[in-house]
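Before any comments, here is the structure.
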């Protein structure tokens with residue numbers, strides 16, 4: 001197995017462990033951080049991105065997001081032949097991160113009666129459910145993310161284990177990408193919870209669906225396609241515009 005896939009799994013696992021972790025720490029009953037609010041969540045997700053990129057950057061380019069992988073491939077900065085392996089590793093990392101968050105906060109899930117809060121730890125949902133609006137939010141949020149990633153990455157980073165593959169975030173991109181994610185969350189995140197990453201939403205959503213909660217609601221599969229398709233469309237649009245500039 002290519003080591004890049006392992007690091008995409010590990011980087012995405014760190015992303016979800018810390019990202020879903022900050023949501024759990026903020027919304028679940030009885031934690032010392034209960035009620036810390038939206039700003040804590042957006043900062044926590046930014047730091048989660050920072051740490052995931054630090055881990056995976058030198059070895060895989062630290063996409064840790066299928067939309068970023070597809071965006072880089074569309075822009076000609078990543079080989080399409082490696083896209084399926086990267087996406088599989090990212091989804092598995094997201095799923096595993098969700099499982100560990102459940103185990104870590106199990107006692108607090110047990111104390112939290114609102115089943116919507118349980119689901120909200122693992123995946124996103126709209127503040128106002130309106131399909132076109134929700135899809136637009138995810139497209140625009142991910143467009144900003146991927147366009148900025150393309151400018152941050154540039155054509156300069158080539159992983160030593162992927163000969164000739166220019167895929168770049170690298171560790172040097174960790175801080176600016178973290179700031180981009182924080183900025184998106186603070187400015188645009190309130191409509192849908194800013195998934196902007198199919199692996200961030202779908203992997204933990206599947207984990208929620210199979211985890212042995214004493215009581216659970218459905219995983220909102222009717223909405224689940226939006227934080228997958230929206231980010232992919234946003235990434236492709238960003239890549240096409242990047243190529244034209």
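The values are calculated or read from the model by the stated rules, or taken from the named source; none is laboratory data. The structure presented is a predicted model; accordingly, all values stated were derived computationally and were not measured. Using ideal geometry, Cβ is built from the backbone for each residue, glycine included, and neighbour counts are taken over all protein chains shown.
Numbers below:
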| quantity | calculated |
| --- | --- |
| Test: residue in segment 85-106 that is at pLDDT below 95 and buried (at least 24 other Cβ atoms within 10 Å of the Cβ) | no |
| Condition broken by residue 219, with the remaining ones in (1) crowded, with 18+ Cβ neighbours inside 10 Å; (2) assigned to a helix (DSSP H, G or I) satisfied | (2) |
| Residue that is farthest from residue 151 (Cα to Cα) [pool: residues in segment 36-72 that are part of a helix (DSSP H, G or I) and without any contact (Cβ under 8 Å) to a residue 24 or more places away in the chain] | 40 |
| Residues satisfying the stated conditions in segment 222-245, i.e. farther than 20 Å from residue 126 by Cα and loosely packed, with under 14 Cβ neighbours inside 10 Å | 240, 243, 244, 245 |
| Residue within segment 150-165 that is surrounded by fewer than 21 Cβ atoms within 10 Å (Cβ to Cβ), at pLDDT below 95, within 16 Å of the chain's Cα centre (by Cα) and within 18 Å of residue 66 (Cα to Cα) present | no |
| Residues satisfying the stated conditions in segment 202-216, i.e. crowded, with 23+ Cβ neighbours inside 10 Å and under 20 Å from residue 114 (Cα atoms) | 204, 205, 207, 208 |
| Hits in segment 51-84 - residues which are at positive phi and surrounded by fewer than 23 Cβ atoms within 10 Å (Cβ to Cβ) | 76 |
| Number of the exception - residue 30 against (1) within 23 Å of residue 145 (Cα to Cα); (2) modelled with pLDDT of 95 or more; (3) not in a helix (DSSP H, G or I) | (1) |
